[in-house]
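This report refers to the structure that appears directly beneath it.
Bear in mind that the values in this text are calculations on the coordinates, not laboratory data. Computed from a predicted model, the values in this text were never measured in an experiment. Every residue, glycine as well, gets a Cβ built from its backbone with ideal geometry; the counts of neighbours run over all protein chains shown.
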Amino acid sequence: MQLEQQDPQIYDLIQKETARQSEGLEMIPSENHTSGAVLEALGSRLTDKYSEGYPGQRYYGGCENVDVVENLCRDRAKQLFGATHANVQAHSGSPANFAVYYALCEAGDTVMGLKLYHGGHMSHGLKLNFSGRLYNSIQYSCKTDGFIDYDEVRRLALEHKPKLIVSGGSAYPQIYNWAKFQEIADEVGAFHLADMSHVAGMIAGGVYPNPVGIADVVTTTTHKTLRGPRGAIILANGNPSTPLQAAEKTKENIPTLIDRAIIPGIQGGPHNHQTAAIAVALKEAMSPEFKNYAKQILKNAKILAEEFLAKGYELVTGGTESHLLLINLTNKNITGKQAESALSKAGITVNKNTIPHDPRKPFDPSGIRLGTPALTTRGMKEGEMHMVAGFIDRAINNVDNSAELDKIHAEVREMCGSFPLPR
């Protein structure tokens, strides 16, 4: 235990965080629990190696082992998602999306994405983000029922002629119509980036539509439903030329443009320990057990939706076809911020979240966002979802009752004892 001896402060904080996760319900949809094998790869000596460039084309010597690691990771990503090209060097999701912007657009070009406060992501054109400051961002929205307004997407695309249309998001409980986005992009001569970060694990498990082969380019994080380390993958079809070779911004050249955008465009050396851990997660995602896991994520989410509807809660879009639920708490007379705080005291981690057309501000919105990936990883199934819905309902109805929240936390802790974190 070198860490405990050398830096007891950090060691203690790690132990506290492990205990917090172990004794509570992690229900933020973008979080999950990695396997022990992923953690082992992530903490390996591969972190010591610098390897700017790509396998066989490095700027450093001594890359014979990390070359094999990266090629394994790329091959597994291509096999799992059905792509012919994969870049696994992006450090996380936002850099992966930045790489696509950098590859396919020029500064000032028009881009389109779903509004953050309607379920999109910051990197899809938020004005405070690089995607809204370096590019002319036009944002589409959801209808009052919470579903994406595809008529508006088409109208805005025809009006503004964007260079890039982004699909996907971070708080949308339904299925993205990847083909519809591609149809609109083709109609106006735009590139189509499908950001499948939230749903990649369900796609790998065969229970959610795959945008690979439909969209021009696909990005995904690796730490959400895919259950890997924090990182990202960029997928496309086609074969890259030499990374530094000049290439026009055409669909045929997307693999080359993406590789050049990562390095030398926006990053230096890849994180080889991260690449190895992603490779491990991808191998896990190819297993029959993972397919069962993906199915259970959906089953659990649907059970929660049914429970909340029965208890009088308002769900954005009326339910879910994915791993997450977005709950409008207006009829419960509390805000998302109040609910997040009360649930945290009860040992249940969710996040406050805006709902489409929310009259409240983002830091004190009307809703909460929650999901089932991490609970499903721990082995919880339908029976536990009924209990979880009950815990959440009790906490929301006892926001100012510290004694009741402590009681719920004790019950949560007891239940969690039967479902340890993966090792």
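Can you figure out the FRET efficiency of LEU39 with GLU411, using R₀ = 30 Å and their beta-carbon distance, to the nearest 0.05? Approximately 0.55, to the nearest 0.05. For the residue pairs LYS127/LYS352; LYS115/LYS361; LYS302/LYS332; LYS224/LYS407; LYS49/LYS249; LYS332/LYS361, the C-alpha atoms sit more than 23 angstrom apart in LYS224/LYS407; LYS49/LYS249. Extension gain for the segment GLU106 to ARG133, taken as residue separation times 0.36 nm less the Cα-Cα distance, is 8.5 nm to one decimal. Pairs of Cα atoms nearer than 8 Å and 6+ residues apart set the relative contact order; for the chain it is 22 percent.
Just so you know, the Rg over Rh for segment 40-285 is 0.96, from Cα atoms, with Rh as the Kirkwood radius.
Only Cα pairs under 8 Å and 6+ residues apart enter the sum, and on that basis the relative contact order of segment 288-416 stands at 27 percent.
A viscosity of 1.002 mPa s and a temperature of 20 °C, combined with the Kirkwood radius over C-alpha pairs in the Stokes-Einstein formula, give the chain a diffusion coefficient of 96 µm²/s.
Using the structure shown, list the pairs from LYS311/LYS345; LYS180/LYS283; LYS16/LYS337; LYS78/LYS295; LYS143/LYS180 with a Cα-Cα distance above 27 Å, or answer none. Display every interim value, and only then the final one.
Numbers: LYS311/LYS345 21 Å; LYS180/LYS283 31 Å; LYS16/LYS337 24 Å; LYS78/LYS295 22 Å; LYS143/LYS180 16 Å.
Over 27 Å Cα-Cα: LYS180/LYS283.
A full extension of the chain between ASN71 and SER341 corresponds to an added length of 92.8 nm, given 0.36 nm per residue minus the alpha carbon distance.
With a 10 Å cut-off between alpha carbons and a GNM built on the chain, which of ILE303, ILE266, ILE233 moves the most? Per the Cα network of the chain with a 10 Å cutoff, ILE266 tops the list. Projecting label points 7 angstrom from Cα along Cα→Cβ for GLU183 and ASN292 puts them 3.9 nm apart. Note that segment 300-314 has calculated 3J(HN,Hα) couplings of 5, 5, 5, 4, 4, 4, 4, 5, 5, 4, 5, 8, x, 8, 9 Hz, one per residue in order, obtained from phi through the Karplus relation 6.51 cos²θ - 1.76 cosθ + 1.60 (θ = phi - 60°); glycine and proline are x. When the chain is treated as a GNM with alpha-carbon contacts under 10 Å, the residue of ALA410, ALA281, ALA77 showing the greatest mean-square fluctuation is ALA410.
What does the charge dipole of segment 304-422 about its Cα centre add up to, to the nearest 20 debye, if the Cβ of each Lys and Arg holds +1 and the Cβ of each Asp and Glu holds -1? Before the final figure, lay out the partial values.
On the way: 13 positive and 15 negative charges, 62 e Å.
Here segment 304-422 has a charge dipole of around 300 debye.
Coupling constants for segment 271-276 follow from the phi torsions by the Karplus curve (6.51 cos²θ - 1.76 cosθ + 1.60, θ = phi - 60°), and in residue order they are 8, 5, 5, 5, 4, 5 Hz; glycine and proline get x. For ASP195, the residues whose modelled amide H falls within less than 5 Å of its own, excluding neighbours fewer than 5 places apart on the same chain, are SER167, GLY168, THR219. Here the dipole of the chain is about 180 debye; that uses its Cα centre as origin and unit charges on the Cβ of Lys and Arg (positive) and Asp and Glu (negative). Calculated mean residue ellipticity, 222 nm, the chain: -12500 deg cm²/dmol, from DSSP H runs (n ≥ 4) at -39500 (n - 2.57) each, averaged per residue and rounded to 500.
Largest GNM mean-square fluctuation across LEU72, LEU329, LEU128, computed for the chain with C-alpha springs under 10 Å, falls on LEU128. For LEU13 and LEU309, FRET efficiency with R0 = 60 Å and r from the beta-carbon atoms, rounded to 0.05? Step by step, r from the Cβ atoms, then E = 0.95.
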